[in-house]
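The values are calculated or read from the model by the stated rules, or taken from the named source; none is laboratory data. These numbers come from a predicted model, not from an experiment. All Cβ positions, glycine included, derive from the backbone under ideal geometry; neighbour counts span all protein chains shown.
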Amino acid sequence: MIIWIIGHFLAAAIGISLGLIGGGGSILAVPTLVYVMGVPPKSAIAMSLAIVGMVSLVGVLPHWKLGNVKLKTAAMFGLSTMVGAYLGARIATLPFVTGTMQMVLFATMMLLAAGFMIRKSTHGEISSQQVELELYPKPLCKYCWLWLLTEGIAVGVLTGLVGVGGGFAIVPALVLLAKVPMKQAIGTSLLVIVLNSVAGFLGYFGRVPLDINLMVSFMVAASLGIFAGAYLVRFVKAKQLQTGFGYFLLIMAAFIFWQNWHKFQSAKTASNYQNYQEQGTVS
């Protein structure tokens, strides 16, 4: 019961993070499911996609009311991310892609997200949005539409493989490549993440076991959290939150690397022992 409460408190934190700083919450879903709720990595990634998709759908509603969602842009970019997400999910279900491989890749993505957050929060007078655009590689605008579709597929593949929404790459792409104003890019990116998550989830559906009850209860907790985050944002400084969350992600990434290195070493030892026994039997 205590584990259940802790897990759902962290699920609410997913929504709170999205409401407070506009991102980062989705990256909490997989480690919470794996290391708190005991869900296998492949199942956890599939379930996190459904959770992130639902929370993003709740988050997109206020942006929709304010007219900050560009449907045509979301459709073009979203279709490319959906193709990538479905492909990434199908690759992830292949036998040679282990849960350990996925978690190591996930931890690598956590390090990148942490770097973005810490860098954005330490730029004094420069807004975090300006920093986000500065960190994005300069596009060759003669081929902007092709760059946009290519990035959409790449972001989608990562989403399918590790369950990360990729918002830190989607927003700059919409601003710099699709020429969408920042406010509309944020609202549109949430809709892209919804499409992305749906396609990735469908790629896993029927191929990995899913705990539907746990998935739905996490959706509810995270959706409630996003409203709490939207309320708390007026009382908390975003830069301090981004710094703290960035360092928290660094710690979590280090923990995931350590856990999976330990598993890798144990598997290697077991394999060596098995080979030794087989050689002894042959001789």
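Considering each residue of segment 135-156, count those that are within 16 Å of the chain's Cα centre (by Cα) and modelled with pLDDT under 80, and give that number. Write out each step before concluding.
Residues of segment 135-156 that are within 16 Å of the chain's Cα centre (by Cα), as a first pass: 151-156.
Filter once more, keeping what is modelled with pLDDT under 80: 151.
Total meeting the criteria: 1.
State the number of residues belonging to segment 171-197 that are surrounded by fewer than 19 Cβ atoms within 10 Å (Cβ to Cβ) and over 17 Å from Leu66 (Cβ atoms).
Applying the first criterion (surrounded by fewer than 19 Cβ atoms within 10 Å (Cβ to Cβ)) to segment 171-197 yields 179, 181-183.
So of that shortlist, the ones also over 17 Å from Leu66 (Cβ atoms) come out as 179.
Qualifying residue count, segment 171-197: 1.
Look at Phe168 and say whether it is touching a Phe, Trp or Tyr at 6+ places or on another chain (Cβ under 7 Å), in a helix (DSSP H, G or I) and either under 20 Å from Ser189 (Cα atoms) or modelled with pLDDT of 65 or more (or both).
Numbers: touching a Phe, Trp or Tyr at 6+ places or on another chain (Cβ under 7 Å): yes; in a helix (DSSP H, G or I): yes; either under 20 Å from Ser189 (Cα atoms) or modelled with pLDDT of 65 or more (or both): yes.
Spelling it out, Phe168 is indeed touching a Phe, Trp or Tyr at 6+ places or on another chain (Cβ under 7 Å), in a helix (DSSP H, G or I) and either under 20 Å from Ser189 (Cα atoms) or modelled with pLDDT of 65 or more (or both).
Could you tell me which of the residues Ile2, Ile6 is of a type in the set (Val, Ile, Thr), surrounded by fewer than 16 Cβ atoms within 10 Å (Cβ to Cβ) and over 20 Å from Ile251 (Cα atoms)? Step through it out loud before you land on a result.
Working: Ile6 fails: over 20 Å from Ile251 (Cα atoms).
Among Ile2, Ile6, only Ile2 is of a type in the set (Val, Ile, Thr), surrounded by fewer than 16 Cβ atoms within 10 Å (Cβ to Cβ) and over 20 Å from Ile251 (Cα atoms).
Taking Gly244 as the residue in question, decide whether it is modelled with pLDDT of 70 or more, buried (at least 19 other Cβ atoms within 10 Å of the Cβ), outside any loop (DSSP other than H, G, I, E, B) and of a type outside the set (Lys, Arg).
Working: modelled with pLDDT of 70 or more: yes; buried (at least 19 other Cβ atoms within 10 Å of the Cβ): no; outside any loop (DSSP other than H, G, I, E, B): yes; of a type outside the set (Lys, Arg): yes.
Answer is no for this residue.
Return yes when Phe264 is modelled with pLDDT of 70 or more, out of contact with any strand residue (DSSP E or B) (no Cβ under 7 Å at 6 or more places or on another chain) and in a helix (DSSP H, G or I) and no when it is not.
Working: modelled with pLDDT of 70 or more: no; out of contact with any strand residue (DSSP E or B) (no Cβ under 7 Å at 6 or more places or on another chain): yes; in a helix (DSSP H, G or I): yes.
In short, no.
In segment 76-91, what count of residues is obtained for those that are under 14 Å from the mean Cα position of the chain (by Cα) and either more than 15 Å from Leu177 (Cβ to Cβ) or among the aliphatic types (A, V, I, L, M) (or both)?
Taking segment 76-91 and keeping what is under 14 Å from the mean Cα position of the chain (by Cα), we get 81, 85, 88-89.
After this cut, where a residue has to be either more than 15 Å from Leu177 (Cβ to Cβ) or among the aliphatic types (A, V, I, L, M) (or both) as well, the list is 85, 88-89.
Result for segment 76-91: 3.
Scan segment 89-106 and give yes if some residue there is touching a residue at least 40 places away in the same chain (Cβ under 8 Å), farther than 22 Å from Ile153 by Cβ, touching a Pro at 6+ places or on another chain (Cβ under 6 Å) and crowded, with 16+ Cβ neighbours inside 10 Å, otherwise no.
Yes, that holds for at least one residue.
To keep it simple, each residue is scored yes or no on (1) assigned to a helix (DSSP H, G or I); (2) closer than 18 Å to Val60 by Cα.
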| position | (1), (2) |
| --- | --- |
| Asn196 | yes, yes |
| Phe201 | yes, no |
| Leu210 | no, no |
| Tyr231 | yes, yes |
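Which of the residues belonging to segment 171-196 are touching a Phe, Trp or Tyr at 6+ places or on another chain (Cβ under 6 Å) and modelled with pLDDT of 75 or more?
Result: Val192, single match.
In the set Thr159, Thr93, Thr108, which member is hydroxyl-bearing (Ser, Thr, Tyr), within 18 Å of Gly246 (Cα to Cα) and either in contact with a strand residue (DSSP E or B) (Cβ under 9 Å, 6 or more places away or on another chain) or modelled with pLDDT of 80 or more (or both)?
Unique residue meeting the criteria: Thr108.
Would a scan of segment 116-134 turn up a residue that is modelled with pLDDT under 90, surrounded by fewer than 15 Cβ atoms within 10 Å (Cβ to Cβ) and within 16 Å of Tyr247 (Cβ to Cβ)?
Yes - at least one qualifying residue is present in segment 116-134.
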